[in-house]
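Input: a single structure, listed below in structure tokens.
Just so it is clear, none of the values below were taken in a lab; they were calculated from the coordinates. Note that the coordinates shown come from a computational prediction; the quantities given were computed from them, not determined experimentally. Here the Cβ is made from the backbone with ideal geometry for all residues, glycine too, and neighbour counts use every protein chain on show.
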Amino acid sequence: SDTLTILGLESSCDDTGAAVVRAGPGGAPEILSSVVRGQTTLHSAFGGVVPEIAARAHAERLDLCVEEALRRAGLGLSDMDAIAVTAGPGLIGGVLSGVMCAKGLAAATGKPLVGVNHLAGHALTPRLTDGLDFPYLILLASGGHCQFLAVRGVDDFTRLGGTIDDAPGEAFDKTAKLLALPQPGGPAVEAEAEKGDGKRFAFPRPLMDRPGCDMSFSGLKTALLRARDSLIAEQGGITVQDRADLCASFQAAVRDVLAGKARRAISAAPEGLSALAVAGGVAANRSIRAALQEVADEAALPFVAPPLSLCTDNAAMIAWAGLERFRAGQQDDMTLAARPRWPL
Ligand code: KG4
Ligand code: ZN
């Protein structure tokens, strides 16, 4: 039949995932199961993801995640039409664990193997959730990625610009650290920002004076550090209101850069865009979402933000991207390599 059922594996950063996605020739695709196991507690003592710890945890957990995903879907390996796996970019140990696990499953069952680019997984998610038609524009904004992509086809992405240094999520995390707020920093900084004045500190809007869609977020952190330290020098410390104002001003700067560059990306993108979409953990931020919604409205484009569980790292997006590749006649063989770097 023309219905495809794909098992997807994800292990490129600090989330281990397995998922089963099914799609028929017509009708909406269905996520039959999606299992994600985070590793935050394993890494929390180290102030960041430790690659060796991540790789070992993925290796230990992948099989269990696969079992769980199949069990929740009520299916067996023999019901799969192909095995999809993130083959990069990411931390090489984790990517290798996933690729080896997928190769083992493919070899044991004789099922086709489909390697997926992790960024393509994020970028194709709006087709899984909202059935978007090509071409559309997507902003990937997370702790590790930040780029505008024009998505023209399953394997046809044009990068219109991206960060030249930190990702915005990373900037939120560093800001939280500087202000003694908990990690991950995004939600904590957003909660503070809601109580603060975003106009109190005039933080820079980096690269807004330059053409193109490139962005920079590392200078913002420096500006925030200076503002914090001058408050400490003047007052001997920062008040609760100072902290809220610092967060609000920081968030306003990130929001303005993302929205301003989104406006530019729309004009640089191909004609006939079907939507402006977002993915990545930063897309959870209500103020950033609202600003992007406004940019989409101005351009008379629908604004598509998949549910958060599908915006952050997960295996359903890998199963889906694998399904799209497989349906387009693309697959890999046992020479599939794990790639730490793999630009779209
Ligand atoms: O996509 P994600 O779960 O993982 C990757 O980085 O791949 O994104 C996590 C990032 C973290 O840096 C986190 O601080 C940020 O997304 N984030 C947010 C919010 N929620 C999560 N940033 C801003 N506002 C939020 N509400
Ligand atoms: Zn990701």
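Once C-alpha pairs closer than 8 Å and six or more residues apart are averaged by separation and normalised to the residue number of the chain, the relative contact order reads 24 percent.
Normalised by the number of residues in segment 1-57, the mean separation of alpha-carbon contacts (under 8 Å, six or more apart) gives a relative contact order of 27 percent. The charge dipole of segment 272-344, taken about its Cα centre with unit charges on the Cβ atoms of Lys, Arg (+1), Asp and Glu (-1) only, comes to about 160 debye.
Give me the extension gain from E30 to R210: residue separation times 0.36 nm, minus the current Cα-Cα distance, reported in nm with one decimal.
Computed gain between E30 and R210 is 60.5 nm.
For the pair Q235 and F134, the difference between a 0.36 nm per residue extended length and the Cα-Cα distance amounts to 30.9 nm.
Helix 286-298 and the longest principal axis of the Cα set of the chain meet at an angle near 80°. Each residue, T158 and E68, gets one label point 7 Å from its Cα in the Cβ direction; the gap between the two is 4.1 nm. Residue ranges 49-62, 108-121, 23-36 sort as 108-121, 49-62, 23-36 when ordered by packing (mean number of other C-beta atoms within 10 Å per residue, highest first). To the nearest 10 degrees, how steeply does helix 51-73 sit against the main Cα axis of the chain, on a 0 to 90 scale? Orientation of helix 51-73: about 60 degrees from the principal axis.
Taking the three principal axes of the alpha carbon atoms in segment 231-315, the coordinate ranges are 55, 32, 16 Å, sorted in descending order. Taken along the Cα-to-beta-carbon direction at a fixed 7 Å, the label points for D333 and F46 span 3.7 nm.
Applying 1/(1 + (r/R0)^6) with R0 = 30 Å to the Cβ-Cβ distance of R226 and A180 gives a FRET efficiency near 0.95. Using a Cα-Cα cut-off of under 30 Å, which lysines could be cross-linked to K103, ignoring same-chain neighbours fewer than 8 residues away? Within the straight-line cut-off, K103 pairs with K111. Between 0 and 90 degrees, the angle of helix 240-268 with respect to the longest Cα principal axis of the chain falls at about 60 degrees. Estimated from the Cβ-Cβ distance and a Förster radius of 51 angstrom, the FRET efficiency linking A268 and A191 is about 0.90. Altogether, the Stokes-Einstein calculation at 37 °C and 0.692 mPa s, with the Kirkwood radius of the chain over Cα pairs as Rh, returns a diffusion coefficient of 159 µm²/s. Taking other residues whose beta carbon is less than 13 angstrom from the beta carbon of T5, and scoring Lys, Arg as +1 and Asp, Glu as -1, yields -1.
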